[in-house]
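Working notes for the structure below.
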Amino acid sequence: MKKILSTILLLGVISVASAQHKGGEDLFATVKKFVSLGEHRTGTKVDFATSQWLKTELDKIGFRTEFVNFPVNQFFFEGGNIIADNKKLDLLPLWPVDPKVNQSQKGILIDGDKTTDVSKLKGKLVLTKLPISGGALNEAIEKHLEKIIQAGAKGIVAITPSNTGEIVAHNTREDTKPWSIPVWQVASKDSTVFNDVIKSGTEVAITIKGYSKPIKARNIVGKIGNGKQYVVISTPISGWYTCGGERGPGLATWLSLAEWVSKNRSQFTDYTFVFTGNSGHELDNLGALTFAEKAAPKPEETRLWIHLGAAIAAKAWKKENGVYIQTEEVDANRGIYYDESVANAFEKAFANLKARKAKGTEANKATIKAGGEGGLYKEKGYKNLVSLAYAHRYHHVKTDDENNTSPALLLEVSNALKTFISDELKH
């Protein structure tokens, strides 16, 4: 009898472990699918394919779905390079791109950071290093570039500070006007080549292929349930490159939560769940703004809002013998903001998750803020918010793929969110 009971218990443990393994692998498969589609810039074929894929998945599990469109004047970058010292180097235009400005140039390169007489910048291609910003334009960067533009430069070669040496693409910000001269983002690993060209005084040749076009970009919004109160689950779906560690975990968790809500809808009859996948993230959160202003439930009708931003389950790195090595542990620097109103359920569900957790209260609202698009939703008056967002080591670089997360890390955050939602909505 004891042997039979032991066997039953063992089989039960194996069954649970197997289910957990499968859950993590399913989440990871979603990340791989997202990466495989290509580079996810707003309004591109890949972006449209992504929202259509998500719509199809939501349709399968009983959601009422729709696309929410918004206008964008988009530059469609098809490729380009800088020929310097007979080497072909990567680049990326800095958005917003003015369609009237010739992005392809030739000329002598001068080091703007070492030139005290700004009159010498006139008519030159100017090399400069951008201030560190976490991959987003800010006032410091704009002032830095405008100073060079006002000096009469004909183009700016902008080195982007990076952990990996690659180009770090920069998001635009509100009211940023298209640059009046071309600005090209380049990799910090190529700094030596640019310095050699400056010393030799030889020309560099810059070629850009692409075009500008006004388009309608789109979010994907799915609803399930008929309750008078709303629960919103949001995530960005667009980005500069394949965004495996940046976008992938949030999107995979978003889809996993949608499947879970669909299967357990009988537990949540008082609520309507709204899942929104927002494009336009890299263009000053245009899709999130559109959703908040045109498609979201009213703040007073919203019982809970969970935002799944960047790198919610990215792997950590550690330095050994002067070299950075990727680990299987989660990057504990990920940020999680939660409102005081949901603190009891949140702190219980997330007790064992490593992160920089910040509780927002009425007293600290001026200093403790939600990151990413979560901050936008707070500004629009939404309460009961949990917002996860972080700029991980491969944030906004071309090689950010599925290897920057793992099944175990994805499953951990997904399970914590399910526990949190269940407990919070019981109250």
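Just so you know, all these numbers are worked out from the coordinates, no wet-lab data involved. Everything numeric here is computed off the predicted structure, so don't read it as measured data. Cβ sites come from the backbone with ideal geometry, for glycine too, and all protein chains shown count toward neighbours.
Taking a straight Cα-Cα cut-off under 15 Å and skipping sequence neighbours fewer than 8 places away in the same chain, the aspartates and glutamates within cross-link reach of LYS88 are GLU166, ASP190, ASP196, GLU203.
Distance between the pseudo-spin-label points of GLU25 and LYS359 (7 Å out from Cα toward the beta carbon): 4.0 nm. Helix 248-263 and the longest principal axis of the Cα set of the chain meet at an angle near 30°. Its relative contact order, with pairs defined as Cα atoms under 8 Å and 6+ residues apart, puts the range 86-201 at 35 percent.
Basic side chains Lys and Arg get +1 at the Cβ, acidic Asp and Glu get -1 at the Cβ, and with that the dipole of the range 54-130 about its Cα centre reaches some 240 debye. For the range 66-82 versus the range 289-319, the inter-centroid distance based on Cα atoms is 23 Å. Each peptide in 106-116, 214-224, 175-185 was scored by the mean count of other Cβ atoms within 10 Å over its residues; highest first, the order is 214-224, 175-185, 106-116. Cα gyration tensor of the range 128-178, axes a ≥ b ≥ c as square roots of the eigenvalues: rounded (a/c below 1.5), prolate (a/b > b/c) or oblate? Taking the square roots of the gyration eigenvalues as a ≥ b ≥ c, the range 128-178 is oblate. Residues whose amide H lies under 5 Å from that of GLN74, counting only those 5 or more places away or on a different chain, are LYS213, ILE215; hydrogens are built 1.01 Å from N in the peptide plane.
Relative to the Cα centre, the charge distribution of the chain, modelled as +1 at Lys and Arg Cβ and -1 at Asp and Glu Cβ, gives a dipole magnitude of about 320 debye. How would you classify the range 370-427 from its alpha-carbon gyration tensor, with a ≥ b ≥ c the square roots of the eigenvalues: rounded for a/c under 1.5, else prolate if a/b is greater than b/c, otherwise oblate? Cα axes put the range 370-427 in the oblate bin. The gain in end-to-end length when the THR116 to SER180 segment is fully stretched comes to 20.8 nm, 0.36 nm per residue minus the alpha carbon separation.
Each Cα pair under 8 Å and six or more residues apart adds its sequence gap; the mean of these over the residue count of the chain is a relative contact order of 21 percent. When a/c reaches 1.5 or more, the comparison of a/b and b/c decides; with that in mind, is the range 241-370 rounded, prolate or oblate per its Cα gyration tensor? Prolate, because a/c is 1.5 or more and a/b exceeds b/c. FRET efficiency for the pair THR419 and PHE76, taken as 1/(1 + (r/R0)^6) with r the Cβ-Cβ distance and R0 = 41 Å, rounds to 0.45. Computed 3J(HN,Hα) for the range 136-143, one whole-Hz value per residue from the Karplus formula 6.51 cos²θ - 1.76 cosθ + 1.60 where θ = phi - 60°, is 8, 4, 9, 4, 4, 5, 4, 5, glycine and proline marked x. Highest average first, the peptides 337-350, 243-256 ordered by how many other beta carbon atoms sit within 10 Å of their residues are 243-256, 337-350. Along the range 54-70 the Karplus relation, 6.51 cos²θ - 1.76 cosθ + 1.60 evaluated at θ = phi - 60°, assigns HN-Hα couplings of 5, 4, 4, 5, 5, 4, 4, 10, x, 7, 8, 10, 7, 8, 10, 8, 8 Hz to successive residues, with x for each Gly and Pro.
Across the range 404-411, coupling constants 3J(HN,Hα) worked out from phi with the 6.51/-1.76/1.60 Karplus curve, θ = phi - 60°, read 8, 9, 7, x, 5, 5, 5, 5 Hz, and Gly and Pro carry x. With the simple model of a label 7 Å out from the Cα in the direction of the Cβ, ARG64 to ASP85 spans 6.3 nm. Taking 18 Å as the straight-line reach from the Cα of LYS365, the aspartates and glutamates in range (excluding those fewer than 8 positions away in the same chain) are ASP339, GLU340, GLU373, GLU379.
Taking 56 Å as R0, compute the FRET efficiency from the Cβ-Cβ separation of GLU293 and LYS199 and round it to 0.05. Computed FRET efficiency for GLU293 and LYS199 comes out at 0.60.
Net length available on complete extension from ASN333 to LYS348 is 3.4 nm, with 0.36 nm assigned per residue and the Cα-Cα distance removed. For the pair the range 326-376 / the range 144-173, the C-alpha centres are spaced 32 Å from each other. Highest average first, the peptides 300-307, 271-278 ordered by how many other beta carbon atoms sit within 10 Å of their residues are 271-278, 300-307. Each principal axis of the Cα cloud of the range 49-187 was taken in turn, and the coordinate range along them, longest first, works out to 65, 34, 30 Å. For VAL232, the residues 5 or more places off, or on other chains, whose built amide H falls under 5 Å of its own are VAL274, LEU304, TRP305, ILE306.
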